[in-house]
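S.K.: Provided herewith is a single structure, encoded as structure tokens, for subsequent inquiry.
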Ligand SMILES: [Zn+2]
């Protein structure tokens, strides 16, 4: 890939894991980097291509059971994503992509091995979680509340090696108590699809991690703030 | 018709009339619902003795049904569910209301196709396309294709008219004994990257497509769109003059001609009737107001948004998005649509979920202005054309607002 100063974003397997506008996260990261004058290259890596290990930010999205299990198999066999994480790449993993970062998950009724990059495992809940999701993000991350739309049948159980991304104030998330997980520079969330559209501060956190900056110049978030206000209010609680 | 069915038909008609009188819609659902309660086999009885075409798919089925009905009227009276009530209750009402007709063309919700084939034993089934629609509750696209495939396997005599450009449709129809293929183009590819038969990637080039891992590939189309017309199976080109906009509707016209041909209607007979169709359940309708010519385009899922951008003229455009129950509660699909075709025109946004739209348009670098009402939008644009693109309930809201004033 290209020069050292360029920020490289990889969208993992859009041919398998792209059910709910997941492309939005890549578009939003690229735009917010460009607004700060950071040159960006975005790559969509299909499941029949080798996974590069030298990018700065990796995105993985939601999907159905079959593609989820296939994606996990291929990522384990490929090894590129593991190398990237070990080298300190930042990751945003959503829904099915979040589950497969753990030790195991359930797809089509069978327990499947995950990547083991987050200390958690997932199984099926008794009901499907569908609707507005809201939570207070771990104060150590210094971010405003999480807002999202969730649509998943899974429940996720966190081990001691990860922290919850947020405490749930509306919706289900992992288990009605906590939502998502973070460890190092990996973030996982059930806030599905274009999660960064409603949470630009998370996009900026990923950018800061990737370029090693404590802060970024502010950008005009008038419309994003209006959207956040509306959705946080709609979630109630 | 057995007595029970006769009673049910009569009650169904009465209920529909009562419902209309009470101002509760056109009665096409409630009448059918009561009729089916009295006689669960009512749809089967009402279908008996008619030559029927069913039209199904994610997009274009209301318009194609309207056009196929117009084409088939060359042959005689045609019963149809013209109000978009496309589940068995709606079919029951439509057939009961029409009385006895030699023909029927019915739009069928894709989830109900198997049931309606069983009940009506159609002569022709047209399969338009399959793509994602209402993500928070729809079945996976490939599951829908499987359901269609199974339904057709149970009815080997049905003549299928199917879209050669959509791999999901080709797979669903491919084992049928009598398939006529049409090509109307496919603008939306995101739901058919993976072969439904083998799971391998699907490659595309120059309008052709093929699976890299199995024999599934695009069949030769007998009917296709070319320039401003349609080429029939004999290779004859026919100019198609429609009042409905866009190449999408040219494709719908090709499909309607292919369906009508299965009943013996020749394109040359059908074409004048297609050009008489001005609007379809309020869609494409043009309304003049305060010197503005407002045209309404319905877009209910990512594929149909792309089609609407193709139909809309280079004129000020109002986008309206809601996320109420009939729309699906989730707005994530906004990121599956590329809004950049709107960059060089004035764009206005409104609707319950205008803020989602605002953030989406920023990402696409499309300038816009937010308006709170349809009236404000009218005042914000110069005289001339205003294109309105709205999803389902937003479309109904705007129609209601226009009706109130007129
Ligand atoms: Zn194949």
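Quick note: the coordinates plus some simple rules give every number you see, no bench work behind them. Everything quoted here is computed from the prediction, not taken from an experiment. Cβ coordinates were reconstructed from backbone atoms using ideal geometry, including for glycine residues, and neighbour counts include every protein chain displayed.
S.K.: At R0 = 41 Å, how high is the FRET efficiency between residue B:121 and residue B:236 if r is their beta carbon distance? Nearest 0.05 is fine.
M.R.: 0.80
S.K.: For the stretch B:58-130, with equal point scatterers placed on the C-alpha atoms only and solvent neglected, what are the log10 I(q)/I(0) values from the Debye formula at q = 0.15 1/Å, to two decimals?
M.R.: -0.44
S.K.: Right, next: Against the 2.2 N^0.38 Å scaling, with N counting residues, where does the stretch A:69-184 land? I'd like the Cα-based Rg ratio to two decimal places.
M.R.: Values: Rg = 14.0 Å, N = 116, 2.2 N^0.38 = 13.4 Å.
Rounded to two decimals, the normalised Rg is 1.04.
S.K.: Quick one: the Cα spread of the stretch B:131-238 along its three principal axes, in angstroms, biggest first?
M.R.: 42, 33, 30
S.K.: Run the simple label-point estimate for residue B:217 and residue B:313 please: 7 Å along Cα→C-beta, distance reported in nm.
M.R.: Output for this residue pair reads 4.3 nm.
S.K.: Using alpha carbons only, how many angstrom separate the centre of the stretch A:3-51 from the centre of the stretch B:367-386?
M.R.: 35
S.K.: Hey, another quick one. For the stretch B:250-406, list log₁₀ I(q)/I(0) at each q in 0.09, 0.12, 0.15, 0.20 Å⁻¹, using the Debye formula over Cα point scatterers of equal strength and ignoring solvent, two decimals each.
M.R.: Per q value, in the given order, log10 I(q)/I(0) is -0.33, -0.56, -0.81, -1.25.
S.K.: Work out Dmax and Rg for the stretch A:125-177 from the C-alpha atoms and quote the Rg first, both in angstrom.
M.R.: In order Rg, Dmax, the Cα atoms of the stretch A:125-177 give 11.2, 33 Å.
S.K.: Over the Cα atoms of the stretch B:267-348, compute the convex hull volume and normalise it per residue, giving Å³.
M.R.: Details: hull volume 12.1 nm³, N = 82.
Given the Cα convex hull of the stretch B:267-348, per-residue volume reads 147 Å³.
S.K.: Moving on to the next point. Using all alpha carbons of chain A, what is the percent of pairwise distances in each 10 Å bin, ordered from the shortest bin to the longest?
M.R.: Cα pair-distance distribution for chain A, in percent: 8, 36, 38, 16, 2.
S.K.: Evaluate peptide A:221-228: per residue, the Cβ atoms of other protein chains within 10 Å of its Cβ; return the mean as an integer.
M.R.: Details: counts 2, 2, 11, 4, 2, 5, 9, 2.
Partner Cβ neighbours, averaged per residue: 5.
S.K.: Let me ask you something else. Between the stretch A:79-97 and the stretch A:191-227, what's the alpha-carbon centroid distance in Å?
M.R.: If you average the Cα positions of each part, the centres end up 19 Å apart.
S.K.: Along the three principal axes, how long is the stretch B:345-406 when you take its alpha carbons, biggest first, rounded to the nearest angstrom?
M.R.: Principal axes ranked by extent give 37, 26, 16 Å for the Cα atoms.
S.K.: Give me the percent of Cα-Cα pairs in the stretch B:158-298 that sit more than 21 Å apart, rounded to a whole number. Before the final figure, lay out each step's value.
M.R.: Values: 4987 of 9870 pairs.
Value for the stretch B:158-298 (Cα pairs over 21 Å): 51 percent.
S.K.: To continue, here is another question. Given the C-alpha atoms of the protein assembly as shown, compute the convex hull and give its volume per residue in Å³. Could you put the intermediate results ahead of the total?
M.R.: Numbers: hull volume 106.1 nm³, N = 643.
Each residue corresponds to 165 Å³ of Cα convex hull volume.
S.K.: For the stretch A:135-237, what is the convex hull volume of its Cα atoms per residue in Å³?
M.R.: In the stretch A:135-237, the Cα hull volume divided by residue count equals 100 Å³.
S.K.: Averaged over peptide B:356-369, how many Cβ atoms belonging to another chain are found within 10 Å of each residue's Cβ?
M.R.: Values: counts 7, 2, 5, 14, 8, 1, 8, 10, 2, 1, 0, 0, 1, 0.
Whole-number average of other-chain Cβ neighbours for B:356-369 is 4.
S.K.: Taking 2.2 N^0.38 Å as the expected size of a compact globular protein, what ratio does the Cα radius of gyration of the stretch B:139-190 give against it, to two decimals? If you can, show how the numbers build up before the last one.
M.R.: On the way: Rg = 11.0 Å, N = 52, 2.2 N^0.38 = 9.9 Å.
For the stretch B:139-190, the normalised Cα radius of gyration is 1.12.
S.K.: Specify the residue with the greatest mean-square fluctuation among B:357, B:239, B:342, computed from a Gaussian network of chain B linking alpha-carbon atoms under 10 Å apart.
M.R.: B:239
S.K.: So what are the radius of gyration and Dmax for the Cα set of the stretch B:80-188, in Å?
M.R.: 14.1, 40
S.K.: Calculate the FRET efficiency for residue B:101 and residue A:124 from the Cβ-Cβ distance with a Förster distance of 51 Å, rounded to the nearest 0.05.
M.R.: Approximately 0.55, to the nearest 0.05.
S.K.: Bins of 20 Å, beginning at zero and ending with the bin holding the largest distance: percent of Cα pairs per bin for chain B, please.
M.R.: Calculated over all Cα pairs of chain B, the distribution is 27, 58, 15, 0 percent.
S.K.: Determine the calculated [θ] at 222 nm for the protein assembly as shown from helices alone, applying -39500 (n - 2.57) to every DSSP H run no shorter than 4 residues and normalising by the residue count; nearest 500 deg cm²/dmol.
M.R.: Details: 21 runs with 218 residues, N = 643.
Calculated mean residue ellipticity at 222 nm is -10000 deg cm²/dmol.
S.K.: Report, largest value first, the span of the C-alpha coordinates of the stretch B:201-274 along each principal axis, in whole Å.
M.R.: 45, 27, 17
S.K.: Okay, next question. Two decimals is fine: what's Rg over Rh for the stretch A:1-105, C-alpha atoms, Kirkwood radius as Rh? Each step should come with its number before you reach the end.
M.R.: Numbers: Rg = 13.2 Å, Rh = 13.8 Å.
Here the Rg-to-Rh quotient is 0.96.
S.K.: Rank A:57, A:38, A:94 by mean-square fluctuation in a GNM of chain A with C-alpha springs under 10 angstrom and give only the top-ranked residue.
M.R.: It is A:38.
S.K.: Let's test the formula: R0 of 41 Å, r as the Cβ-Cβ distance of residue A:111 and residue B:324. What FRET efficiency results, to the nearest 0.05? List each step's numbers first, then the result.
M.R.: Details: r = 38 Å, r/R0 = 0.93.
Efficiency, from the Cβ-Cβ distance: 0.60.
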